[in-house]
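J.: Quick one: structure below, then a few questions.
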Amino acid sequence: MSDRIDSLSDYFKRYEESIADPEQFWEKIAKQFHWQKPWDTVLDWDFEGPNITWFKNAKLNLTENIFEKQRFADENKIAILWEPNDPQEDSRKISYKELFERTGQFANAMLEQGVEKGDRVIIYMPMVPEAAIAMLACARIGAVHSVVFAGFSATALADRINDCSAKMVLTSDGNFRGAKKIPVKEVVDEALKHTTTISKVIVYQRTGQAVTMEAGRDVWWHDAIAGVPSENTPESMDAEDLLFILYTSGSTGKPKGVAHTTAGYMLYTYYTFRNVFQYESDDVYWCTADVGWITGHSYIVYGPLLAGATTLMFEGVPTYPDAGRFWDIIDKYKVNQFYTAPTAIRALQACGLEPLEGHSLDSIKVIGSVGEPINEEAWHWYHHHIGKGRCPLVDTWWQTETGGIMISPLAGITPNKPAHASLPLPGIQPVIVDAEGVELKGNNVEGNLCIRFPWPGMIRTTYGDHERCKNTYFSTYPGMYFTGDGVKRDHDGYLRILGRVDDVINVSGHRMGTAEVENAINEHPNVIESAVVGYPHDIKGQGIYAFAICDSKGLTDAALIAGIKDTVRDIIGPIAKPDQVQIVSGLPKTRSGKIMRRILRKVASKDISNMGDTSTLLNPEVVDEIIKGAGIQ
Ligand code: WTA
């Protein structure tokens, strides 16, 4: 059996098979991989624990399935194409053979620096091939990587290091981002003042800027690999050994470490990559995400490399040196599959059509979208101007927790319907429920999106706190995984994702917890209390709107607002900086003291129709003040 779906009827047939007998379905796919020892059972599970075991007691190494047992490509095939931030700088091409050697060599270097199987390694690096090499080298030796997006602050980095008691940090001297040079190593140095578990820092030289190297702790990447052989025996991993932890925001508390394990994640990213994008062996595939997010993990590194694909990595930003950069890159490398986020599409759409002039974009066969709901206007612009009306658009819905794409058209197979993620992939059993958890069957229904059966790429736990995993995802609707998203099934049975139904804001495709931003705001010395909500934003999808009660101590509102924004930037990072801050004398509260966010969301959206009954509030008078302060009346 080929695991490539090739027609709509084939999709329906396989979907039926995957529901009728999920174990047999995934076992057939698993048999195409190399295992050091086969499994006892394909799946053991309960969603109460939750306890999920795929391929019990099987042994494997994921990197063996990319390199030694490469089933799809010859060793001289290009694995990674790298385009630097500055188009004047040389690009890089790394073959599977070279990637294998570099992975083995860096794996050996990490072992020499004292990393052992099971240790956690933080990767805080720019978008250079070495970031992928670092991830693969961890997988090779059984170390658990946790990539932290290099735009996060020292505090956010320290929190993640502490949460998983990491032993090593892999980083760079600096990072090029558009016209800016970011002092990455300085951020690491600051973070490490607040951690105790890191024994070594390996520093990749990227920008050449001056850095302080702490003797005994900090080692240059080039020194760590000097003279180190590339032959490396892969560690034997259990199917359910941790592959990585990736921190993500939720509705409460600090970001949590979503834990993914080896075999299931391997199978799932490979299978979804092949089928959603319909990659063919000579294609060049480009996903514009950063490896700091799940999209970078699954669809720049693991999925494509497991499928023997050529994956393009881009270090820079879409608007540098100008707004034609994405289109330059597509033509330069003759990109066949292009996968990006709605926020990037909207930002480029706002630049007009001029940056597209002189670009053919003829090579593109498939265009994709991920990270947030794509509005119809952006969908049509993308389809028309980039896909030239001839390329299928895959609107892929999934999450850090799901490991891979869950609901999406299959390119060229599933009929496209604008702004609809469409149909579930084989093996995925979506359920729509109302607030009470009653399943809404049939078409033309809208409710909360749950998944009722395990899939191989799913979250296993939140690192160090299994209760939190249970409470966040498996308790709202017992017996089901709750996604936190709203969804509509239309008259054709196609799914349309409506966005988050919890206190998570999706800013430019990045997840931010309102509580996390509030906690940061509350660190500002003049802030007494704050509340954060999302509001519609033309480019970012959602913007962050903060209401703060302050003890001004003589400071002007302008000074307080600037100070609050800076505080959030320093504590979390620039991506969490509120777009709007409004200083208020009170927040609308129920008699039990709960903030009525519904009212704040309406004010932030500048839509004060249907405010509902505010008379039951503890302090109804504050609503008028807030509306006036927002400049609505
Ligand atoms: C949202 C990113 C609509 C959704 C892979 C989800 C989407 C959250 C889509 C996960 C899409 C992602 N259509 N919404 N195609 N893709 N989302 O963990 O709200 O960074 O719950 O994973 O992004 O974000 P995360």
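The values are calculated or read from the model by the stated rules, or taken from the named source; none is laboratory data. A quick note: this is a predicted structure, and the numbers were derived from the prediction, not measured. Here the Cβ positions follow ideal geometry from the backbone for every residue, glycine too, while neighbour counts run over all protein chains shown. Note: areas computed on protein heavy atoms with side chains; ligands, DNA, RNA excluded. Shrake-Rupley method; radii C 1.70, N 1.55, O 1.52, S 1.80 Å.
J.: Pairs under 8 Å by beta carbon, first residue farther than 15 Å from PRO373 by Cα and open to solvent by 10 Å² or more (accessible area, probe 1.4 Å) in the stretch 395-413, partner near the ligand (Cβ under 8 Å from one of its atoms) and in a loop (DSSP other than H, G, I, E, B), six or more apart or different chains?
T.: Between residues of the stretch 395-413 that are farther than 15 Å from PRO373 by Cα and open to solvent by 10 Å² or more (accessible area, probe 1.4 Å) and residues that are near the ligand (Cβ under 8 Å from one of its atoms) and in a loop (DSSP other than H, G, I, E, B), the close pairs are THR400/TRP293.
J.: When you go through HIS510, HIS524 one by one, which is the residue that is open to solvent by less than 50 Å² (accessible area, probe 1.4 Å), within 30 Å of the chain's Cα centre (by Cα) and under 23 Å from ALA344 (Cα atoms)? Give the derivation first.
T.: On the way: HIS524 fails: under 23 Å from ALA344 (Cα atoms).
After ruling out the rest, the residue left standing is HIS510.
J.: Please determine, by comparing only the residues of the stretch 459-507 that are in a loop (DSSP other than H, G, I, E, B) and among the aliphatic types (A, V, I, L, M), which one is farthest from the ligand (Cβ to nearest atom).
T.: Only one residue fits best here, namely MET480.
J.: Now a separate question. Pairs under 6 Å by beta carbon, first residue over 15 Å from LYS56 (Cα atoms) in the stretch 453-465, partner acidic (Asp, Glu) and open to solvent by less than 10 Å² (accessible area, probe 1.4 Å), six or more apart or different chains?
T.: Pairs found: ILE459/GLU401.
J.: Can I ask one more? Look through VAL527, VAL487 and report the one residue that is at pLDDT 95 or above, over 18 Å from GLY371 (Cα atoms) and β-branched (Val, Ile, Thr).
T.: The unique qualifying residue is VAL527.
J.: Output the strands (runs of 3 or more DSSP E) that fall wholly within the stretch 274-362 and possess 2 or more residues being open to solvent by less than 40 Å² (accessible area, probe 1.4 Å) and in contact with a Ser or Thr (Cβ under 8 Å, 6 or more places away or on another chain), or say none.
T.: Those strands (runs of 3 or more DSSP E) span 284-287, 337-340.
J.: Let me ask another. Does GLY253 satisfy the condition of being over 17 Å from ALA411 (Cβ atoms), free of Cβ contacts under 8 Å to residues at least 12 places away in the same chain, open to solvent by 10 Å² or more (accessible area, probe 1.4 Å) and not acidic (Asp, Glu)?
T.: no
J.: Can you tell me how many residues in the stretch 137-164 are more than 25 Å from ILE225 (Cα to Cα) and either open to solvent by 10 Å² or more (accessible area, probe 1.4 Å) or over 17 Å from the mean Cα position of the chain (by Cα) (or both)?
T.: Taking the stretch 137-164 and keeping what is more than 25 Å from ILE225 (Cα to Cα), we get 151-160, 162-164.
When the remaining residues are screened for being either open to solvent by 10 Å² or more (accessible area, probe 1.4 Å) or over 17 Å from the mean Cα position of the chain (by Cα) (or both), the result is 151-155, 158-160, 162-164.
Number satisfying all stated conditions: 11.
J.: Further question: Mind checking which residues of the stretch 508-524 are of a type in the set (Val, Ile, Thr), more than 15 Å from the ligand (Cβ to nearest atom) and either closer than 23 Å to GLY292 by Cα or at pLDDT below 95 (or both)?
T.: If we filter the stretch 508-524 for residues that are of a type in the set (Val, Ile, Thr), which is where we start, we get 514, 517, 521.
Add one more test, that the residue is more than 15 Å from the ligand (Cβ to nearest atom), and what stays is 517, 521.
Scanning the stretch 508-524 gives a single hit, VAL517.
J.: I've got another one for you. Please enumerate the residues belonging to the stretch 102-125 that are under 12 Å from PRO229 (Cα atoms), open to solvent by 10 Å² or more (accessible area, probe 1.4 Å) and touching a strand residue (DSSP E or B) at 6+ places or on another chain (Cβ under 8 Å).
T.: ARG102
J.: Counting only residues that are crowded, with 16+ Cβ neighbours inside 10 Å and either over 19 Å from ALA289 (Cα atoms) or not hydroxyl-bearing (Ser, Thr, Tyr) (or both), how many does the stretch 381-393 have?
T.: 8
J.: Mind listing just one residue for me: the one in the stretch 570-597 that is within 20 Å of ASP551 (Cβ to Cβ) and hydrophobic (A, V, I, L, M, F, W, C) and, of those, nearest to the chain's Cα centre (by Cα)?
T.: Applying the filter and picking the extreme gives ILE571.
J.: Taking VAL366 as meeting all but one of (1) crowded, with 19+ Cβ neighbours inside 10 Å; (2) at positive phi, write down the number of the exception.
T.: Every listed condition holds for VAL366 apart from (2).
J.: Here's another thing I want to ask about it. Which one is most open to solvent (accessible area, probe 1.4 Å) among residues in the stretch 180-222 that are in a helix (DSSP H, G or I) and in contact with a helix residue (DSSP H, G or I) (Cβ under 9 Å, 6 or more places away or on another chain)? Steps first, answer last, please.
T.: First, pick out the residues of the stretch 180-222 that are in a helix (DSSP H, G or I): 184-192, 221-222.
Now drop any that are not in contact with a helix residue (DSSP H, G or I) (Cβ under 9 Å, 6 or more places away or on another chain), which leaves 186-192, 221.
Numbers: GLU186: 121, VAL187: 34, VAL188: 1, ASP189: 36, GLU190: 75, ALA191: 0, LEU192: 20, TRP221: 16 Å².
Here the answer is GLU186.
J.: Checking TYR535 against (1) open to solvent by 10 Å² or more (accessible area, probe 1.4 Å); (2) over 30 Å from GLU446 (Cα atoms), which single condition isn't satisfied?
T.: (2)
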